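> I'd like to ask you about the structure that follows.
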Amino acid sequence: MKMGTEFNLEIKRTSRKKTISFIIKNNIVQIIAPKTLSDIKIKSLIHKKSNWIESKLKENKLKTKIVFKNFESAEKFLYLGKNYKLKFILDSKYLVKLKSGEIQVCINTKKKSDKKYRKKIVQNWFQEKALSFLTNMTMDIANEIKLNPKLVKIKSYKSRWGSCNSKDVITYNWKLIMAPKSIIKYVVIHELCHLKYLNHSKKYWNQVGKYVPDYKYKKQWLNHNANTFEW
């Protein structure tokens with residue numbers, strides 16, 4: 001297979017899958033294949049997907065770089081598309097609140113030097129906010145467009161923003177809470193439309209486009225900015 005972009009290839013076999021799947025992350029193409037699938041067949045499928053693989057690798061190069069956090073005062077964190085400074089306040093009571101353009105974290109002296117603990121309490125706050133915000137937005141929009149999800153959940157996804165299963169349960173990546181509201185709304189509608197079409201057919205995308213005419217732009221925005229939500 002000739003491709004203009006160099007990349008690392010990883011092949012993992014599992015008895016749990018019946019079909020092959022491709023995961024593109026950074027400059028690595030990970031292939032998860034059934035144990036029964038021959039090497040020749042895998043090579044053939046890689047060749048057939050070569051244009052798609054190269055396209056995804058090029059997209060990844062356009063993404064913003066991950067800036068890892070130290071979870072210290074004055075560091076900036078995205079919340080609903082806006083930057084807020086993190087501020088640790090010594091206090092005997094544990095509390096996190098959004099105030100005066102800051103994410104204020106009350107923390108006791110013993111725990112203040114523990115980076116893992118600082119990260120944990122900040123992440124817990126983001127996850128609580130994500131579940132509340134995403135549940136409310138999902139139910140509000142569902143009522144407007146006459147759809148009925150059974151449950152809204154959050155999860156730490158590595159390579160997706162949300163999912164909707166056959167039981168009408170919608171699960172979101174909690175990191176969505178860092179995106180602007182208009183982007184979050186697109187993802188919510190994206191998942192709600194799966195209640196009607198559990199696929200990505202033309203009818204499905206027409207349904208999404210009915211409510212989010214510029215969904216292609218928003219989808220691209222998420223792809224290019226995904227790394228800004230990583231810590």
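We did not get these values from a lab; they are worked out from the coordinates using the rules stated. Bear in mind that the values here come from a model prediction, so they are computed numbers and not experimental data. Cβ coordinates were reconstructed from backbone atoms using ideal geometry, including for glycine residues, and neighbour counts include every protein chain displayed.
> Helix 115-144 against the longest principal axis of the chain: what's the angle in degrees, Cα atoms only, rounded to the nearest 10?
Taking the Cα atoms of the chain, the angle to 115-144 is about 70 degrees.
> Could you tell me which trypsin sites (Lys or Arg not before Pro) in segment 122-178 are loop residues by DSSP with no more than 15 other beta carbons within 10 angstrom of their beta carbon?
Passing both the DSSP loop test and the Cβ count: 146, 150, 158, 160, 167.
> Computed from the coordinates I sent, semi-axes √(5λ) of the Cα gyration tensor in Å equals one of (i) 26, 19, 19; (ii) 35, 25, 17; (iii) 44, 18, 16. Tell me the label.
Given (i) 26, 19, 19; (ii) 35, 25, 17; (iii) 44, 18, 16, the structure-derived one carries the label (ii).
> Of the options 15, 217, 90, report the single residue whose Cα projects farthest towards the positive end of the charge dipole of the chain (beta-carbon charges: Lys, Arg +1; Asp, Glu -1).
The listed residue farthest towards the positive side: 15.
> What's the angle, to the nearest 10 degrees (0 to 90), between helix 215-225's Cα axis and the longest principal axis of the chain?
70 degrees
> What do you get for chymotrypsin sites (Phe, Trp or Tyr not before Pro) in segment 34-104 restricted to DSSP loop and a cutoff of at most 10 other Cβ within 10 Å of the site's Cβ?
Filter output for segment 34-104: 68.
> State log₁₀ I(q)/I(0) for segment 167-212 at q = 0.19, 0.27 Å⁻¹ as given by the Debye formula over alpha-carbon point scatterers of equal weight, solvent excluded.
Result of the Debye calculation: -0.61, -1.00.
> Please report, in whole Å, how far the alpha carbons of segment 115-229 spread along each principal axis, starting with the longest.
On the principal axes, segment 115-229 reaches 48, 30, 21 Å in Cα extent.
> Could I ask something else about it? Suppose the chain between residue 129 and residue 210 were pulled fully straight at 0.36 nm per residue; how much longer would it get relative to their current alpha carbon spacing?
Answer, rounded to one decimal: 26.3 nm.
> Here is a further query. Could you tell me how many degrees, from 0 to 90 and to the nearest 10, lie between the Cα long axis of helix 50-62 and the main elongation axis, the longest principal axis, of the Cα atoms of the chain?
20 degrees
> Which trypsin sites (Lys or Arg not before Pro) in segment 52-95 pass both tests, a DSSP loop state and at most 11 other beta-carbon atoms within 10 Å? Before the final figure, lay out the partial values.
Values: sites: 56, 58, 61, 63, 65, 69, 76, 82, 85, 87, 93; in loops: 63, 65, 69, 93.
Qualifying residues, ordered by number: 65, 93.
> For the chain, with only Lys/Arg (+1) and Asp/Glu (-1) charged at the beta-carbon, what is the dipole magnitude about the Cα centre, in debye rounded to 20?
Once rounded to the nearest 20, the dipole reads 500 debye.
> Hey, another quick one. Quick one, can you get me the convex hull of the C-alpha atoms of segment 8-62 expressed as volume per residue in Å³?
It is 68 Å³ per residue.
> Now, a different point. Which pairs in the list 12/112; 41/202; 48/146 are over 31 Å apart, alpha-carbon to alpha-carbon?
From 12/112; 41/202; 48/146, over 31 Å: 12/112; 48/146.
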